[in-house]
Amino acid sequence: MLQHSGVVMLTGISSTHIFAKDLLDRHKVGAEGIFREKYKKAYSIFTDRTFTPEHLDNISSILASIHDSIFSSIAKSRSLPSPTESSFGRKFWYNVLNSGPIFDDEAEQTGLVDGTALGGEDETVKECERLTLERYSRILRVSAQFADIFVFS
């Protein structure tokens, strides 16, 4: 359930890395360590000023895995296309993530929320119960309605 004038904002994930090489150099502190393999880069925050190609590849792979896991779980629970199983699913989630805030009616039409509610708490609880029963009593299908909402290129 989403408040009638609410929005859904899915932004994806990101990662922040702080490299301490300049700080250590400024204070004349050296870092010593052993790199086992070129993709074992946890220690590089002390020895590098920026990402090496291998470190960036490693972090990008981890973030992609987390991203796919999150959005596959959302897709499965909402009967939406999976971002990992089809090009349509990848395009669908790409458009969801890049469309900015998705307003109440659009979020309901795409299946991101079960419905919208207007009114007090009692009315919202009753509407949630009704929608939950409806949701589990039917099989949702991804159909042409998504094409009306998102333009795929």
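Side notes on the structure shown:
- Residue match in the range 43-59 (condition: of a type in the set (Ser, Thr, Tyr), open to solvent by 50 Å² or more (accessible area, probe 1.4 Å) and part of a helix (DSSP H, G or I)): yes
- When the range 24-41 is filtered for residues that are open to solvent by 90 Å² or more (accessible area, probe 1.4 Å) and of a type in the set (A, V, I, L, M), only 34 remains.
- Tabulated pairs, the range 54-81, first closer than 15 Å to residue 97 by Cβ, second open to solvent by 50 Å² or more (accessible area, probe 1.4 Å) and not aliphatic (A, V, I, L, M), C-beta under 7 angstrom, 6+ apart or interchain: 63/15; 68/84; 72/84; 81/88
- Residue check: residue 88 meets all listed conditions (1) aromatic (Phe, Trp, Tyr); (2) under 14 Å from the mean Cα position of the chain (by Cα); (3) surrounded by fewer than 17 Cβ atoms within 10 Å (Cβ to Cβ) but one, namely (2).
- In the range 1-13, of all residues being part of a loop (DSSP other than H, G, I, E, B) and open to solvent by 100 Å² or more (accessible area, probe 1.4 Å), the one that is modelled with the highest pLDDT corresponds to 9.
- Residue within the range 42-62 that is at pLDDT below 90 and at positive phi present: no
The values are calculated or read from the model by the stated rules, or taken from the named source; none is laboratory data. Bear in mind that the values here come from a model prediction, so they are computed numbers and not experimental data. No Cβ is skipped: glycine too gets one built from the backbone with ideal geometry, and neighbour counts run over all protein chains shown. When the accessible area is computed, the model is the full protein with side chains, heavy atoms only, and any ligands, DNA or RNA have been set aside. Shrake-Rupley method; radii C 1.70, N 1.55, O 1.52, S 1.80 Å.
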